Structure formats: C-alpha cells, structure tokens
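Here is the structure we will look at.
Just so you know, all these numbers are worked out from the coordinates, no wet-lab data involved. Keep in mind that what you see is a predicted model, and the values were worked out from it rather than measured. Every residue, glycine as well, gets a Cβ built from its backbone with ideal geometry; the counts of neighbours run over all protein chains shown.
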Amino acid sequence: MEGTLAKLSYNRWATAKKVLEPVRAGKGAPIPPRKKEYDIPGLEPITYAERMHFMPGLAKPKRMEWDRGWHDPHHYRGPRLEHMPLYKSRPCYIFHQKTKVLEGVKQALWLSKSKLIDGLPKKIQKISEECGTQFENQDEQVHGIISRSCLWSNKETTPEKEQFCPVLLQDLLHFCRTLNCKYPMLSRRALAENYRLATTWNRESDLFQVRGLNGTLLNAKIPLKPLASKDEIIDTQKHVLETFYPITPTIDLQETYVYNEVNDTGFKEGYPYAHPHTLYLTHTCNQTDGALLKPEHLQAKMIMFSFGNALANAKKLYGEEAKVLENPVVVQSVATDGKMFQFVVFQLNTTDLNSSDGVKNIVWMDSDLMLYDYANYLPKLKKRVVVVPSGVFGYQPDTFKKFLAMYLHGAM
C-alpha cells in the first residue's frame, strides 16, 4: 500500500513538473492536444444535447454559432482563405524584412538570376582612391563621429547596437552631405524612410515577391549609369547559376495564397526623386527575432532588396514585358551593424527571369570591412593593469573611403 501511494505521489510530482517548468522558463503552459473528431457518413453520434448536462460515454454536441445580429469586434472571426477576394490557387513566395534564407548569397543569386563578382566596380574603386582628399582632417573627423555615436551619445558603459548603429549611419551620411557645395549634383537627392516596396516576378515555375519595409533609400533625379559594358553583359550568357539541390529555392520564404500581383516602388506618381541610388540597412538584434544575422544572410538580404528596387523601377520605366534592358538599372546597397560594413552594387540587365538561360544580372560585392576595431567607454583591466584602453581604436580609413565613394558615385 505504501509503495502504491509513493508511486502515485511521484507521478503527480512528475506531471506537475512538466506543467510548471515551461511556465518558470517564460514559455507558458503547454497546450493540450485537441481530441480528434470523426465524421462517419451515415452514422450520427449519440450526444447528450437533449439531456442538457454532461453524460459519460456520450459524444459532445455540436453547437450552432450564435448570430448576434450586429458586428462585435471582440468576437470577430475572419473568413476562410478560400472566401477572400485575393485568394489564388497558385502560391506566392515572399521575401520580406525578416526573411533569413538558408543558402544565403547562393539562394539570392538564383532568385535574382545574377552573376557574382568579388570586389567593387572599377569606377567606384577609382572614386575611393580620390576620396582621401575630399575633407580637411578627414580621418580625425570620422574618428570623432565614431566616438560621438558609440560613446558620447550613450550614458551606459556598454551601449547596445540598437542605440549607436542608426546614429553612426545618420552621422556619416550627414558628414557626406557637407560636400553639396563642392558637387552640386548631390543636392538633387533625397533620403526616404519607411517606404514600402512591392514587386513580383516569375522564376521557373514559381511566383516570387519582394515587399515591405527594408531600410533608408537614397533617391536621385538622374539614374546611375551602367557599370558593365555591353560586351560584359553579353558574356553573362555563358555563366551557369549555381544550384543547391536537393534544397528547394523557396525554403525559408513566406508562402501565401492571398496576395496581389503588384509592382510599386513605394512612391507616388510625380515624385521628383524617382530613381533609387543607394539602400542603407542597419542590422541590429531586434530586427530578426532577437538574433543577429550571419554576414552571408545579411548579404543575401542586401542583394534581394537591391534587386527588388531595381526591378520595380525598371517595370515602371519600361513596362511589364520581360526583356533585356537597353539601359540597365543600377542600385547600390550599404549595410552595417555599427562596426562592420557590407557593400553591394546590383545591375539589372534583364527582366526576363523565368528561365536560367540568357543574359544574367550582375552583382558586385565587397564584404566584411571593419570601420574600427573596438570602442570602449571604460578601460578593460586585468589584475589592475589596463589591457584595453578606453576610446575608439583601430580606425580603418579605407572602409570610410568606400562608403564615401558609394555616396559620390554619379555626382563626381
């Protein structure tokens, strides 16, 4: 008898432990599985509806939904997917701001039908070599910008990236805008935040979309000129896109059956700064479910949103017909987490993306460039000896020169 009671108490303790452990961890109590309901045609289950109270062994009656006769927002139930006006039988795969593709850059290149070239284009490299003499005491001023964003604008000893990363990007852009007097073409640009992009294309047998918020876009009145010559564009026909079989290209993309095939740049008709120039992305922990993206996933995000802006602008200028563009569309992208910078230049050569043959688009990438090594509010001590002093150390001037070259591209 004592052994049976001990066994029962242990079972109760184990059951209580399973229920309370997720609650202590902040995950909430586990949801019990629903009982499976069987509907056999020709056989009606015997329920306890007429008895008006629960009866063991009898089935639970199905209640009719009560129609209140008026709209109650607290008890509203949306229609089924099949009854929605935008429902379609063909699925659409959406790349949005929080998408983290498994294959990274490979998957982005396949989705955008692009060829990857390491390093920035020669034209931008030439501009970066000339950027060392644009400002007086350039290195000292950029060093002060880093100190202000990482140290002076924060009262905490260990500032988080969500605080200083946007401040650093805005201060660098403001510093670059001081060259408007030297290069008048820079005054014909505008920065846009919280704009919503939407563009649709067919890739083999699937339908894809890039849509939603993505970053801060620098627009210009005059588009960027193509960076690849016509011979280089024709040579892309020989390039073979890398596959990642057996992984499907739609993995990690949001699948939906309720969508609208739209092409929207995010700006109304008549907007004077109609051409996308550079897309700036700030990558912090809060943007992707509390976890930082790996560099390859961030680079894939840059490629996809640069491609989306270019494709939306190309369809607006040249129509919805899939064809090889006479004047390719160029869109740049810069991403940073407050310390490391990524640079991408995308040239859209064709809107015929259904087949993997023919002319490909071109992507130039220069990745994993550090602006500085570390920035400490307080010195790090070990056995009362200063191991790492306070302040900003390890400044890399070449990284800012490339940042400035991307900004000055099209204005010099």
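Here are a few things to note about the model shown:
- Principal-axis tilt of helix 138-147 within the chain, Cα atoms, nearest 10 degrees: 20
- Here Kirkwood radius over Cα pairs in Å was computed from the coordinates, and among (1) 22.1; (2) 25.7; (3) 23.9 the match is (2).
- Each helix, a run of at least 4 DSSP H residues, gives -39500 (n - 2.57); summed and divided by the residues of the chain, these come to -8500 deg cm²/dmol at 222 nm.
- Charge tally in the Cβ shell below 14 Å around Ile222, where Lys, Arg are +1 and Asp, Glu are -1, Ile222 excluded: +4
- Under 16 Å from the His75 label point (7 Å along Cα→beta-carbon), backbone N, the stretch 31-64: 63-64
- A Förster radius of 25 Å, combined with the Cβ-Cβ distance separating Ala59 from Glu82, puts the computed FRET efficiency at roughly 0.30.
- Extension gain, Glu269 back to Asn376 (0.36 nm per residue minus Cα-Cα distance, nm): 33.8 nm
- Beta bridges per DSSP, both residues in the chain: antiparallel share near 75 percent.
- As a rough guide to protection, the peptides 268-278, 51-61 ranked by mean Cβ packing within 10 Å, highest first, stand as 268-278, 51-61.
- Virtual spin-label span in nm between Asn327 and Arg51, 7 Å along Cα→Cβ: 8.1
- Relative contact order (percent, whole number), the chain, Cα cutoff 8 Å, 6+ residue spacing: 22
- Cβ crowding within 10 Å averaged over residues, with 256-266, 75-85 ranked highest first: 256-266, 75-85
- FRET efficiency for the Val385 to Lys98 pair, using the beta carbon distance and R₀ = 51 Å, is estimated at 0.70.
- Rounded if a/c under 1.5, otherwise prolate or oblate - the stretch 297-399, Cα gyration tensor axes: prolate
- Placing unit charges on the Cβ atoms only, positive for Lys and Arg and negative for Asp and Glu, gives the chain a dipole magnitude near 1100 debye about its Cα centre.
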